[in-house]
Amino acid sequence: MTGVSYERVARAFQDGDPRELSDRDLAARFGCEEEFVARVRREAGYPRFVGRSRSLWERAEAKVRELSRPVDDGHQEWTGPVSRDGVPVVRVPGLCTTVGRVAFQMANGRPPEGNVKPRCTLARCVAPGHQTDRPIRAALRAPLAGVAA
């Protein structure tokens with residue numbers, strides 16, 4: 001077993017839904033034995049792993065919450081994988097998509113239409129409320145069309 005701390009494993013349970021975090025996955029993440037993770041779960045009173053009954057999209061949303069971190073002014077920075085072009089991507093078994101698409105749906109409750117781009121000036125911001133799709137960008141530009149004429 002490596003030097004992963006009891007507190008670090010317990011924090012992983014606090015940050016996620018313990019019923020959806022398997023001992024095997026956490027052991028692989030932290031490079032420790034499954035039995036160590038199981039002991040932390042047991043001693044800290046976290047519920048048993050019940051499996052991944054969530055939809056692909058719900059798992060993608062959980063991954064976005066797990067792999068993004070807040071930065072200044074409500075922005076969020078992606079700490080996970082990126083495409084060859086540097087675009088943040090989220091991968092769960094059965095789905096690979098951009099973080100922007102997932103974040104957009106998290107904020108708006110609907111799938112985006114067209115490309116998703118952050119409305120803010122921070123490059124590659126993944127904050128759900130900062131994502132726009134084609135109809136939202138068109139609506140934001142509409143008032144400016146009358147001014148330019």
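For region 1-61, the helices (runs of 4 or more DSSP H) that sit wholly inside it and include 3 or more residues that are under 26 Å from residue 99 (Cα atoms) are 6-15, 23-30.
There is no residue in region 136-148 that is part of a loop (DSSP other than H, G, I, E, B) and open to solvent by 40 Å² or more (accessible area, probe 1.4 Å).
Show the residue pairs meeting these rules: Cβ distance below 9 Å; 6+ apart or different chains; first residue within region 104-120 and at positive phi; second residue surrounded by 13 or more Cβ atoms within 10 Å (Cβ to Cβ) and part of a loop (DSSP other than H, G, I, E, B). Here the result reads 114/133, each pair linking region 104-120 to a residue that is surrounded by 13 or more Cβ atoms within 10 Å (Cβ to Cβ) and part of a loop (DSSP other than H, G, I, E, B). Taken together, 65, 110, 59 contain a single residue that is closer than 26 Å to residue 136 by Cα and touching a strand residue (DSSP E or B) at 6+ places or on another chain (Cβ under 6 Å), which is 59. In this structure, residue 69 qualifies as charged (D, E, K, R), out of contact with any helix residue (DSSP H, G or I) (no Cβ under 6 Å at 6 or more places or on another chain) and under 27 Å from residue 106 (Cα atoms). If the condition is being of a type in the set (A, V, I, L, M), over 16 Å from residue 69 (Cα atoms) and touching a helix residue (DSSP H, G or I) at 6+ places or on another chain (Cβ under 7 Å), then region 108-144 contributes only 116. Quick check, is residue 133 open to solvent by less than 50 Å² (accessible area, probe 1.4 Å) and either closer than 21 Å to residue 21 by Cα or out of contact with any strand residue (DSSP E or B) (no Cβ under 7 Å at 6 or more places or on another chain) (or both)? So residue 133 fits the description; yes. Could you please let me know if residue 31 is in contact with a His (Cβ under 9 Å, 6 or more places away or on another chain) and either at pLDDT below 95 or open to solvent by 30 Å² or more (accessible area, probe 1.4 Å) (or both)? No. Looking across region 36-71 at every residue that is closer than 14 Å to residue 127 by Cβ and of a type outside the set (A, V, I, L, M, F, W, C), the one that is most open to solvent (accessible area, probe 1.4 Å) is identified as 65.
The values are calculated or read from the model by the stated rules, or taken from the named source; none is laboratory data. Since this is a predicted model, take the numbers as computed values, not measurements. All Cβ positions, glycine included, derive from the backbone under ideal geometry; neighbour counts span all protein chains shown. In case anyone asks, the SASA skips ligands and DNA or RNA and just uses the protein heavy atoms, side chains included. Shrake-Rupley method; radii C 1.70, N 1.55, O 1.52, S 1.80 Å.
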